[in-house]
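Taking it in order: structure first as C-alpha cells, then the write-up.
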Amino acid sequence: METVPPTTCGSLLRELQIIWDEIGENDSERDKMLLQLEQECLDIYRRKVERTRKYKADLLQQLAEAETEIAGIASALGEGFSSFSRGRGTLKEQVGAIKLILEELRSKKREKLKEFSEVQSQIVSLCSEIAGNGQSKSYVDPEINERDLTAKKLGELKLHLQELQTEKHLRLQRVNSNISLIHELSVVMSVDFLKTVNEVHPSLGDPKSGPSRCISNDTLAKLTGVIHSLKQSKQERLQKLKNLGKKLTDLWNLMDAPADERKRFDHVTRLMSSSVDEVSGKGCLGLDIIEQVEVEVERLNILKTSKMRELIFKRQTELEEIYRGVHMDIDGDAARKTLTSLIDSGTVNLSDLLSSMDDQVTEAKEQALSRKDILDKVEKWQFALQEEKWLDDYERDDKRYNAGRGAHKNLKRAEKGRVLVTKLPAMVENLAAKVKAWESERGITFSYEKLPLLYTLEEDAKLRLEREEDKRKSREQKRLQEQLASEQEALYGSKPIAKKPLGQSNTLLGTPGRRIGTPGRYGFSGSKDRRESVRGPNIIPVNYVALPKDDSASKGAA
C-alpha cells in the first residue's frame with residue numbers, strides 16, 4: 001500500500017504552479033494570485049492569533065474573577081487571604097489550581113449559609129411565636145447577608161436565638177401559670193375552664209399542646225385580663241355571699257333557728273371570716289350556691305314578716321329584763337299597749353319598729369353596763385346594812401355570850417360586822433361620788449327602785465345622824481341610871497330591887513339598825529317608814545344590856 005505524503009503549503013504551491021503552467025497563466029496573474037493567497041493566509045493567522053489572544057484574556061479574566069471571588073468568600077468567612085497564591089505554571093495550570101481552591105471555599109460558604117439559615121429560621125420562628133403573627137408554623141426563609149458569614153456573626157445570631165429561647169421558656173411558664181390560676185378560679189366559681197381558655201386561644205385548652213401553646217403578647221394580655229376578670233368576679237361573689245351570710249345569721253338569731261337548719265349553710269357562714277385568697281373550696285362560690293342562699297334569705301324574710309309581731313314583743317321582754325336586772329323603772333304594760341296599737345294600726349313598718357326595738361335593747365345594754373360598777377357598790381352597801389341590822393339585833397340579845405352551838409361563829413361575824421359598819425360612812429360617800437360623776441357625764445338621774453339613788457343615800461345619811469344622836473342620849477340616860485343606883489346603894493346600904501330597864505320591851509322599840517328594807521336583793525323601804533321606825537319612843541338605847549354588879553362591891557356595901 002502506497003504511503004500518501006503529507007500535504008504542506010510548499011507542496012500545494014508546487015501543485016498550483018503546475019496547474020498554472022498547464023493553464024498558461026501569465027506571471028502577473030500568478031503574482032496577483034500569490035499575493036491574494038498570501039493575504040488570505042495572513043488573515044487566517046491573524047484571526048487565529050486574535051482568538052488565541054482572546055482565549056488568553058479569558059483565562060486571565062477567569063483568574064482575576066476567581067481571585068476576586070476567593071477574596072470575597074474568604075472575607076465573608078473571616079478567613080485570611082494571605083495563604084492564597086496562583087503558582088508559577090501556565091495560565092491553564094493556574095486556572096486549574098485556583099478552581100480547586102475556589103470550589104473548596106464555595107463548599108465552606110454553602111455550609112455556613114446552611115448553618116446561618118437554620119439559626120435565622122429558628123429566630124424568625126420564635127419571633128413569630130412571640131409576636132403572634134401566625135407564622136410560627138409556616139415562616140419564610142429569612143434573607144441572609146452573604147458578605148458576613150463570620151463566626152462572630154454566627155455567634156451573635158446564636159446568642160440572639162438563645163435569648164429568644166429563654167424568652168419563650170419564660171413566656172411558656174407564664175402562660176402555664178396563668179392557665180393554672182384560671183383553672184383554680186374556675187373550680188372555685190364553677191366556671192367552664194375549657195371554654196374560658198379556648199376563647200383566648202385554641203391551643204391553651206389542649207393539655208397535649210405543651211410547648212406549642214401560644215405565647216404571644218396578645219395571648220398573655222388576654223390571659224391577664226381573664227384572670228383579673230375572674231378575680232374581680234370572685235371578690236364580688238365572696239362579698240355577696242358574706243352579705244347574704246350576714247343576713248342569714250341575723251335572721252337565724254332573730255327567729256332562734258335550730259342548729260340543724262343552720263348546719264345546711266355552714267359552707268356559707270364559714271366564708272364570712274375568710275379573705276379572698278383563703279377561699280379555695282371546689283364550687284364554694286358557684287352561682288348555684290349564691291342562688292340557694294338568696295332563696296333561703298327570701299324564705300326567711302317572708303317568715304320573719306309573719307313572725308315580726310312575736311319578735312317585737314320578744315325584744316320588749318328582753319328590754320324589760322335588762323331594766324329589771326339593773327333596777328331601772330320601766331312601765332312594761334304601757335309599752336306593750338303602745339306596741340299593740342302601732343302594730344294593729346298598720347301605719348308603721350314592722351322592720352323599722354323591730355330595728356327601733358333593737359336599738360333600744362342595745363342602748364339598754366350599754367346603760368346597764370355603765371351602771372354595773374355603781375350597782376356592785378350598792379350591793380356591798382346593802383350587805384353592810386344587813387350586817388349592821390344583824391349586829392344591832394345581836395347586841396340586844398342578853399344570851400349572846402352563853403355557850404351554845406354556833407356562838408363562836410356569831411362572835412366572829414360580830415367582829416367582822418363592827419369593822420364593816422365603821423366603813424359605812426366612807427362607803428356611802430364613795431358611792432355618792434360615783435353616782436354624781438355618772439349623772440354629770442350622762443346628764444340624767446341615776447334611779448334605783450323608782451327612786452333617785454342620791455336621794456336614798458341622803459336619807460340614809462340623815463337617819464344615821466339621827467340614830468347616832470339617839471345612841472348618845474341612850475348612853476347618857478344609862479350613865480344617869482347607874483349613878484342613881486350607886487347613890488341609893490350607898491344611902492340605904494342594900495341593893496335595890498332590879499327593875500327592867502326602860503327600852504327593853506321590843507313592843508315599844510323599832511329596829512333602827514334596819515334603815516332600808518330589803519324586799520329583794522337591792523330593795524329599799526320608803527324613807528317615811530324608816531324615819532318613823534327611828535323616831536320611836538326610845539328612852540334607853542336598844543343595845544343596852546344590864547350588867548350584873550360586882551359581888552365584892554355588894555359585900556362592901558353590906
Could you tell me which residue of region 335-363 is modelled with the lowest pLDDT, considering only residues that are closer than 17 Å to I322 by Cα and over 35 Å from the mean Cα position of the chain (by Cα)? R336
When restricted to D333, D260, D288, the only residue exposed (fewer than 13 other Cβ atoms within 10 Å of the Cβ), in a helix (DSSP H, G or I) and in contact (Cβ under 8 Å) with a residue 60 or more places away in the chain is D288
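Taking into account only those residues within region 166-219 that are part of a helix (DSSP H, G or I) and touching a His at 6+ places or on another chain (Cβ under 7 Å), which is least open to solvent (accessible area, probe 1.4 Å)?
Going through the qualifying residues, I end up with T219.
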Do the conditions hold for D260, that is, is it in contact with a His (Cβ under 9 Å, 6 or more places away or on another chain) and of a type in the set (D, E)? no
So C9, is it surrounded by 11 or more Cβ atoms within 10 Å (Cβ to Cβ) and either out of contact with any helix residue (DSSP H, G or I) (no Cβ under 8 Å at 6 or more places or on another chain) or not charged (D, E, K, R) (or both): no
Sort out which residues of region 416-448 are outside any helix (DSSP H, G or I), loosely packed, with under 15 Cβ neighbours inside 10 Å and not small (G, A, S), and write them in order of number. K423, I444, T445
When you go through (1) under 23 Å from D256 (Cα atoms); (2) open to solvent by 70 Å² or more (accessible area, probe 1.4 Å); (3) within 31 Å of the chain's Cα centre (by Cα) one by one for V297, which number turns out not to apply? (2)
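The values are calculated or read from the model by the stated rules, or taken from the named source; none is laboratory data. All values reported here derive from a predicted model rather than from experimental measurement. Cβ coordinates were reconstructed from backbone atoms using ideal geometry, including for glycine residues, and neighbour counts include every protein chain displayed. Calculation scope for accessible area: heavy atoms of the full protein, side chains included, ligands and nucleic acids excluded. Shrake-Rupley method; radii C 1.70, N 1.55, O 1.52, S 1.80 Å.
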